[in-house]
1. Residues to consider are K90, K131; find the one that is crowded, with 16+ Cβ neighbours inside 10 Å, modelled with pLDDT under 90 and not hydrophobic (A, V, I, L, M, F, W, C).
2. Please go through the stretch 192-236 and give me each residue that is more than 22 Å from the chain's Cα centre (by Cα), at pLDDT 80 or above and open to solvent by 40 Å² or more (accessible area, probe 1.4 Å), ordered by number.
3. Go through the stretch 374-429 and report how many residues are of a type in the set (K, R) and not in a loop (DSSP other than H, G, I, E, B).
4. For the stretch 124-138, how many residues meet the condition of being part of a loop (DSSP other than H, G, I, E, B) and either over 29 Å from Q70 (Cβ atoms) or more than 28 Å from the chain's Cα centre (by Cα) (or both)?
5. Which ones in the stretch 339-351 are farther than 17 Å from T388 by Cα and open to solvent by 30 Å² or more (accessible area, probe 1.4 Å)?
6. Looking at the stretch 59-75, which of the residues that are farther than 14 Å from R33 by Cα and part of a strand (DSSP E or B) is most open to solvent (accessible area, probe 1.4 Å)?
7. Cβ-Cβ distance below 6 Å, separation of 6 or more or different chains: which pairs start in the stretch 420-433 with a residue that is over 30 Å from G217 (Cβ atoms) and end on one that is outside any strand (DSSP E or B) and open to solvent by less than 20 Å² (accessible area, probe 1.4 Å)?
8. Do we find that F50 is in contact with a helix residue (DSSP H, G or I) (Cβ under 8 Å, 6 or more places away or on another chain), hydrophobic (A, V, I, L, M, F, W, C) and open to solvent by 40 Å² or more (accessible area, probe 1.4 Å) in this structure?
Amino acid sequence: MISGIFFLNQKGEVLLNRFYRDGVTRQAAETFRNQVIVQKEAGRCPVVMFGNSTFMYIKSGTVFVVAVSQGNARVALVFQALSSLVNIIKSYCGPEMNDDTIRNNFVLIYELLDEVLDYGYPQNTTIDLLKMYITQQGEQAMGEQDSTPPQNITIQATGAISWRKEGIKYRKNELFIDVVEQCNLMVSNKGTVLRNDVSGHIQVKCYLTGMPECKFGLNDKLLLDNEARNSRNKARRAGAGIEIDDCSFHQCVKLGKFDQDRTVSFVPPDGEFQLMTYRITDSINLPFRVLPVVKELGRTRIEVNVKVKSMFTFKLFATSVLIKIPLPKNTAQVHVNAAAGKAKYESDQAAIMWRLRRFPGDTEYSLSGEVEVIAGVNDKAWSRPPITMDFQVPMFAASGLHVRFLKVFEKSNYQTVKWVRYITKAGTYQHRI
């Protein structure tokens, strides 16, 4: 993993360094200065290799934060650790990262480096937990210092639940779950689907008293098939549900429980956090279908006809719908007529921008237009970029994912108000013409 960390200014001078393993010396900083900063290579590639050393760096303000590793390092993990380290330093020393920030707070930063990394491996990057037992504040943040003495430091630092403090109280206990999905689609000019998948995440807002344990289940295919096999009456048909291709969880989720019965059990952090991300590629319910017909009539005229149909139920509606229909850059004049919404040609976008504030379900709208193009002697053929869409569909999940149940367990057995909301947004939603 990480053999050493350097903090350098824009001249390449070492402001602070910390070594975690043998094999790295201050000479590594000189190599980075000569090969990256002096050669003005900074910003081109955040990972560079010289000999057996790999340099991974980010820049915050006027300071380069450089991690040095010997051999093959896990680059994504290193960059995540560097980003977390910068956020931690800013939370202690203020939002600005410059030479004076490092020099005036080097004792504090050394203490943070020892807590965040152990033998080059990231250990503790939770700001709230670090502030419980590193109470010193940087010079720029002295006014924000909390005078409340830390309590139960040992329990919080070494316990299994480091992301949630004890003694949290709310007058009204509420739990909000938002299932947010981005639908990606690429269709060829012949109508063949080239790409169709959903990237989603589950966002949680937790306002619960005490140390509750939350549990919810999804309509996961593996879970439903197991229930169908174990059910005596065989009422549930095997094969129903969705197949989650890959997923990742917040550290509060009990992974063993998920592997065992496919339910998501967790003790939530207080406030808002991202519980889960997932990706689904099978049986996607497309929110919109686009039927474009774009004809080039000679060298100076183009005829455009576009039909857009909403594929979700009539009980729902989409909002903030934007359809971008590209045109050649040498377009002279456009006459466009839309059945609903507002459509106009915007020269800076080189496209017809069709906007609809509200698009009901199971509805079809059409747009037609005539385009006049200035013909040139050495004009290149029009590349015909794809039509793109942007939209939001509340209470609709393109993947078919559904929260089947949501339970909250707490020793005081209080009543909890629970909310589940779905929303589908456009990711890369394109149709070639």
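The values are calculated or read from the model by the stated rules, or taken from the named source; none is laboratory data. On a predicted model such as this, the values are computed, not experimentally measured, just so you know. Heads up, the Cβs are rebuilt from the backbone with ideal geometry, glycines too, and the neighbour counts pull from every protein chain shown. Heavy atoms of the whole protein, side chains included, go into the accessibility calculation; ligands, DNA and RNA do not. Shrake-Rupley method; radii C 1.70, N 1.55, O 1.52, S 1.80 Å.
1. One residue alone meets the criteria, K131.
2. Passing the criteria: T192, V193, L194, Y207, M211, E213, K215.
3. 5
4. So the count comes out to 5.
5. Going residue by residue through the stretch 339-351, those that are farther than 17 Å from T388 by Cα are 339-340.
Residue satisfying the conditions is A339 alone.
6. Q70
7. Once the first residue is over 30 Å from G217 (Cβ atoms) and sits in the stretch 420-433, its partners that are outside any strand (DSSP E or B) and open to solvent by less than 20 Å² (accessible area, probe 1.4 Å) give R432/S188.
8. Yes; evaluated as a whole, the condition is true for this residue.
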